[in-house]
Amino acid sequence: MSISKTFWQRLKAMGLPLVGLIFVAGILCWGAFNTVLEWTNTESFCLACHEMKDNVFKEYRNTIHYSNRTGVRATCPDCHVPRDWTSKLLRKIQASNELFHHLLGTVSTPEKFNAKRPELARSEWARMKKSDSRECRNCHNFDYMDYSEQGRRASAMHQKGFDDGMTCIDCHRGIAHTMPPVEQGIGAEKGGVSIAPDSN
């Protein structure tokens with residue numbers, strides 16, 4: 001008798017108890033995985049790395065996303081981690097690169113962090129542009145914007161931007177963190193970061 005046939009006969013003999021055991025084990029593994037995934041998706045987890053706590057979190061505390069008249073606050077994961085499960089998992093896999101650089105000490109001091117700031121900013125802006133500022137839209141839904149409550153300039157710019165297919169990050173860079181050094185000309189790249197909207 002072949003080995004595979006013997007295996008399946010034994011499995012059949014064990015019957016329902018084995019299926020139940022596998023089912024319970026699957027639920028426990030899935031629950032543990034999701035618990036860890038959600039635990040790594042908290043502001044306290046982000047701030048466990050001193051690079052975040054001592055650099056970008058200090059800047060963020062002085063913005064309207066941290067403290068405002070309504071008391072609604074956007075935390076690190078609200079802006080930097082997608083909500084839907086598949087995109088969130090992909091973002092977590094990408095974040096393993098950040099853990100690698102944490103271990104290397106790539107941005108372990110304010111000086112190192114500021115030297116890498118333009119590169120880090122470009123990377124995050126590109127990610128947000130690619131997703132059509134998906135995380136911004138979790139709170140800022142264009143369909144419910146009341147232009148009459150906005151300033152004249154903001155109202156005009158928002159409507160023009162939406163008509164032109166622009167997304168939040170095209171204009172609202174540096175809204176929660178200090179902007180990297182930029183040249184004062186639109187699209188200038190000489191030693192700074194371009195402030196022109198991306199063309200793609």
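Here are the numbers for the structure shown:
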{"item": "Answer residue from the stretch 6-62, given it is in contact with a Leu (Cβ under 8 Å, 6 or more places away or on another chain) and closer than 24 Å to M179 by Cα and is modelled with the lowest pLDDT among those", "result": "K53"}
{"item": "Boolean, R137 is surrounded by 12 or more Cβ atoms within 10 Å (Cβ to Cβ) and among the basic types (K, R)", "result": "yes"}
{"item": "Selection status of A154, under 20 Å from C168 (Cβ atoms), aliphatic (A, V, I, L, M), more than 15 Å from the chain's Cα centre (by Cα) and in a helix (DSSP H, G or I)", "result": "yes"}
{"item": "Every residue from the stretch 95-121 that is in contact (Cβ under 8 Å) with a residue 12 or more places away in the chain and among the aromatic types (F, W, Y)", "result": "F113"}
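The values are calculated or read from the model by the stated rules, or taken from the named source; none is laboratory data. What you are looking at is a predicted structure, and each value in this text was computed from that prediction instead of being measured. Because the Cβ atoms are built from the backbone with ideal geometry, glycine has one as well, and the counts that use them run over all protein chains shown.
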